[in-house]
Amino acid sequence: MLEKAITGDKRYWGWIAFVLMLIGTGAIAYLRQLDQGLTVTGLSRDVSWGFYIAQFTFLVGVAASAVMVVLPYYLHNFKAFSKLTILGEFLAVPSVIMCMLFIVVDMGQPFRVQNVMLYPSLNSPMFWDMMSLSGYLFLNVVIGYMVLSSEKKGIAPPKWIKPFIIISIPWAISIHTVTAFLYSGLAARPFWMTAVLAPRFLASAFAAGPALLILIIFLMRKLTRFDAGKEAIQKLAVIATYAMCINVFLVLMEVFTTFYSGMPEHMHHFEFLYVGLHGNNTLVPWMWLSSALAVVALVLLLTPKFRKKEVILGFACIAVFVSIWIDKGLGMIVAGFTPSQMGEVVDYWPTLNEFMVSIMVWGIGLLIMSLLYKIIFTVRGETKPALEAKEDKKELTVPSN
Amino acid sequence: MGIDRRKFLTIAGLTTLTTLGKTVLGSSPAGHDPIETGSQAVKRLAMAIDMQKCRQNEGCVECTKICHKIHNVPDIGNSKEEIKWIWKENFEAAFPNQHHDLLEDEIKNNQVVVLCNHCDDPPCVKVCPTQSTWKRESDGIVMMDMHRCIGCRYCVAGCPYGSRNFNFRDPRPFIKETNPEYPTRTKGVVEKCNFCAERLADGLLPACVDICPEKALIFGNINDPKSEIRQILKSRHSIRRKPILGTNPQIYYLV
Amino acid sequence: MYDASKIILGILIFLVLATSPFWYSKATGQSDYLPDPVILTKDTPGKDVCVMPTDYMRSSHMDLLNDWRNSVVRDGERKFVSPNGHEYKKSLSNTCMDCHANKTEFCDKCHNYMAVDDQTCWSCHVEPKEEL
Ligand code: SF4
Ligand code: SF4
């Protein structure tokens, strides 16, 4: 079955070559970082985590969101998702791998990473995060592979896989919860030390993940003969809508608690994000863009007339995804460190080198995802050759592979 | 001699068990007082900083100079990647919760010496995924093992005092005069004040305590009622940095 | 479609290429080279014997160093008593290199030959200045 990933037309190979090129360019930047140290990043003694850790946080959310197709299908027997579960699982796999890579590229001594296993520290959330992420990766690889290979043979998946699927549901919740615990357990960082951090992470993940999945479905409809069906798309849209509402609600809870209580140590971080602090407003335009997108997305998603129009739905999904990416992938981590322990505002912005290294990791994720999706569609006979892709509506007589 | 496989496994198993035990039973409740509840037999090293004496010598940085010299602390010359074990900080920065506009000028306008607080409930130790930083059972010093540190900087995020430094680059070119008796660090690991553990082993006081021209630093076993530090804490009003966080810092500031 | 001759030729070329480093060092006489570390013990009064017998040191110095490292750093045990009763400070830079002050001749010769990555030691521990 795996060999399906290495058969394909020119268009497929062109894409793979492009992704490999991205990875290669990024790898050069990473070699530079290995050689010179993290000084090639924009990080500092005050803002000691930045873009890498933020991407990690965001991607844990994407990985966890697979549960939003798995749960309705397996627990509620929601048939319209039958073709989507593998897409969700095979989206989770590259996401988890990217998470792990982002942790590794953030390390000062990446060649010692095995120390986490050699000296297990049960009191460190980072240890638990590694455990839950690797467990989740394992579950999704096994489930995805077993279900797809049974589908290929035209038989029902083996019975023993069911418990794995059931376990993967709470496990997905756990990965993002433990990720939130990394931050919310720190008395030193008032911005993160909030009990709603984990729920907020989950809500934003369950909005951004399904939104991304809808966009992927739209794209795949262009590139392949795969069609998830109207019902599935609309259901995903509803899920994203509810999750986005809860996410915005939780953010507003934070804002109320912080500003009504008026504790300066809590307020400063929000001020840094939304109005700037000590003359530094690096993130201000971004955060307002994120808020504006969130409002636009909510208006579009909450109005059934708009949500049902696929073009508008597409825009709404982009808005949800970008809004949450800015919030988690740009603001969340840096704001925790600003102002610093000494009350200072230290400038942080990712350097080009940092960005290139991130491109390497994203590239690896894209590559894995492309290979996995290629397998899915080939097994299902849903690929379409490049020629037919152009003459859109032409019926195919022979399923290609 | 040497660690064989069996010994390694035993150690690994025991460590896991103790950590498990500690996690399950909960270490000490936040903010407990080592003087009252700590066993008198156990040493708990601490430092008192006489701010009154220290501020008499404005601009004095003898403690920083000697400490950074003997420990091969580099002078990166760039505030973003700076490495500091002991240094002076504005009062407001060190004590954000104690600061107010009407504070006596001599306190408000003077700098205070800050260093790792060797917390009794150190959050840096709690978060470290490799036990590269740990609290020494024998005297409470919060130690670092640079051989094991993976440079994840979780401890930097967890320390509420900015005491921990990350080596963003190879520190060697930035050390003016290397002390051959003490190692340097390599890029990608975290470092901080170690209460001069290497000097204590030789029966010496920490270098900063030794050198301070004002004798403003008092060092000793806080679990010993007869120690100098206990006597002085009894007679003078002292404060600690951010005690509200429950880290139980062991650097006491005499006002 | 069996192209036996091509396959065999391919295998042969591969074998030649894969073993070429050995032929190369044979031809240039490199393979006959054996490192010969110079044991230049400085005259340090009272330290005329090594912490352990030479045989042990030759085979297991890395285990000893590892053990020293762990016990000093993790357990704060800094004293080492050798089999013949001498007491030493467990320290690479301050004990070992006190006598074996010639790192290039003493450490590097074998380590280079065996491709041992001892940068992990020397990127932090300070090597003694060598008077040449
Ligand atoms: S001051 Fe910071 S580094 Fe020192 S023990 Fe406390 S938490 Fe750890
Ligand atoms: S940077 Fe080093 S000492 Fe700090 S938490 Fe990570 S492994 Fe532990």
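The values are calculated or read from the model by the stated rules, or taken from the named source; none is laboratory data. Just so it is clear, the model here is predicted, and its values are computed rather than measured. Reconstructed Cβ throughout: ideal geometry from the backbone, glycine too, with neighbour counts over all protein chains shown. Surface areas here come from the heavy atoms of the whole protein model, side chains and all, with no ligands, DNA or RNA. Shrake-Rupley method; radii C 1.70, N 1.55, O 1.52, S 1.80 Å.
Exactly one residue among B:110, B:97 is in contact with a helix residue (DSSP H, G or I) (Cβ under 8 Å, 6 or more places away or on another chain) and at the interface with another protein chain (Cβ under 9 Å from one of its Cβ atoms), and that residue is B:97. Determine, yes or no, whether residue A:138 is crowded, with 18+ Cβ neighbours inside 10 Å, assigned to a helix (DSSP H, G or I) and without any contact (Cβ under 8 Å) to a residue 12 or more places away in the chain. Here the answer is no, as residue A:138 does not meet what is asked. Residues in segment B:187-208 that are open to solvent by 20 Å² or more (accessible area, probe 1.4 Å) and either among the hydroxyl-bearing types (Ser, Thr, Tyr) or not in a loop (DSSP other than H, G, I, E, B) (or both) were compared, and the one that is farthest from the other protein chains (Cβ to nearest Cβ) is B:199.
Residues of segment A:214-232 that are in contact (Cβ under 8 Å) with a residue 60 or more places away in the chain, aliphatic (A, V, I, L, M) and either touching a Lys or Arg at 6+ places or on another chain (Cβ under 9 Å) or more than 13 Å from residue A:316 (Cα to Cα) (or both): A:216, A:217, A:220, A:223, A:228, A:232.
Remark: residue B:151 matches the filter, which requires a residue to be within 16 Å of ligand 1 (Cβ to nearest atom), on the phi > 0 side of the Ramachandran plot and touching a Phe, Trp or Tyr at 6+ places or on another chain (Cβ under 9 Å).
Suppose we keep only residues that are open to solvent by 10 Å² or more (accessible area, probe 1.4 Å) and not hydroxyl-bearing (Ser, Thr, Tyr) within segment A:174-187. Which one would you say is nearest to the chain's Cα centre (by Cα)? That would be A:178.
Within segment B:107-132, no residue that is within 19 Å of residue B:88 (Cβ to Cβ) and of a type in the set (D, E, K, R) sits with its Cβ atom under 9 Å from a residue that is modelled with pLDDT of 95 or more and crowded, with 22+ Cβ neighbours inside 10 Å at 6+ positions apart or across chains.
So which residues in segment B:103-133 are within 9 Å of ligand 2 (Cβ to nearest atom) and open to solvent by 30 Å² or more (accessible area, probe 1.4 Å)?
Within segment B:103-133, B:125, B:131 meet the criteria.
In this structure, residue B:84 does not satisfy being more than 27 Å from residue B:65 (Cα to Cα), within 13 Å of ligand 1 (Cβ to nearest atom) and not small (Gly, Ala, Ser). Among residues of segment A:338-349 that are open to solvent by less than 30 Å² (accessible area, probe 1.4 Å), those with a beta-carbon under 6 Å from a residue that is charged (D, E, K, R) at least six positions away or on a different chain give the pairs A:340/A:46; A:346/A:46. Of the helices (runs of 4 or more DSSP H) entirely within segment C:3-120, those holding at least 2 residues that are away from chain B (no Cβ under 11 Å) and among the β-branched types (Val, Ile, Thr) occupy C:4-27.
Name the single residue that is nearest to the other protein chains (Cβ to nearest Cβ) among those in segment B:65-80 being of a type outside the set (A, V, I, L, M) and more than 19 Å from the chain's Cα centre (by Cα). Checking each candidate, the answer is B:80. Considering (1) more than 13 Å from ligand 1 (Cβ to nearest atom); (2) hydroxyl-bearing (Ser, Thr, Tyr); (3) within 14 Å of chain A (Cβ to nearest Cβ), the lone condition that residue B:133 does not fulfil carries the number (1). In this structure, does residue A:30 turn out to be in contact with a Ser or Thr (Cβ under 8 Å, 6 or more places away or on another chain) and crowded, with 18+ Cβ neighbours inside 10 Å? For residue A:30, the condition - in contact with a Ser or Thr (Cβ under 8 Å, 6 or more places away or on another chain) and crowded, with 18+ Cβ neighbours inside 10 Å - is not met. Checked against (1) on the phi > 0 side of the Ramachandran plot; (2) more than 16 Å from ligand 1 (Cβ to nearest atom), residue B:196 passes all but condition (2).
Of the residues making up segment B:49-99, just one is part of a loop (DSSP other than H, G, I, E, B), open to solvent by 70 Å² or more (accessible area, probe 1.4 Å) and under 26 Å from residue B:204 (Cα atoms), namely B:75. Pairing residues of segment A:240-266 that are of a type in the set (A, V, I, L, M, F, W, C) with residues that are not in a helix (DSSP H, G or I), at Cβ distances under 8 Å and at least 6 apart in sequence or on separate chains, gives A:250/A:196; A:253/A:196; A:263/A:190. Within segment B:113-134, can you find the residues that are of a type in the set (A, V, I, L, M, F, W, C) and out of contact with any helix residue (DSSP H, G or I) (no Cβ under 7 Å at 6 or more places or on another chain)? Scanning segment B:113-134 gives B:115, B:116, B:119, B:125.
Just to be sure before I move on: is residue A:333 modelled with pLDDT of 90 or more and within 14 Å of another protein chain (Cβ to nearest Cβ) in the structure I sent? The answer is yes for residue A:333. Residues of segment B:144-161 that are surrounded by fewer than 24 Cβ atoms within 10 Å (Cβ to Cβ) and more than 10 Å from ligand 2 (Cβ to nearest atom): B:147, B:160. When segment A:24-39 is filtered for residues that are among the hydrophobic types (A, V, I, L, M, F, W, C) and facing chain B (nearest Cβ under 9 Å), only A:38 remains.
Here is a yes/no grid of residues against (1) touching a Pro at 6+ places or on another chain (Cβ under 9 Å); (2) at pLDDT 85 or above; (3) farther than 26 Å from residue B:138 by Cα:
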residue: C:53; (1), (2), (3): yes, no, yes
residue: C:59; (1), (2), (3): no, yes, yes
residue: C:68; (1), (2), (3): no, yes, no
residue: C:73; (1), (2), (3): no, yes, no
residue: C:80; (1), (2), (3): no, yes, no
residue: C:92; (1), (2), (3): yes, yes, no
residue: C:109; (1), (2), (3): yes, no, yes
residue: C:121; (1), (2), (3): no, yes, yes
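The set of residues from segment A:188-228 being at pLDDT below 90, part of a helix (DSSP H, G or I) and open to solvent by less than 30 Å² (accessible area, probe 1.4 Å) comprises just one member, A:220.
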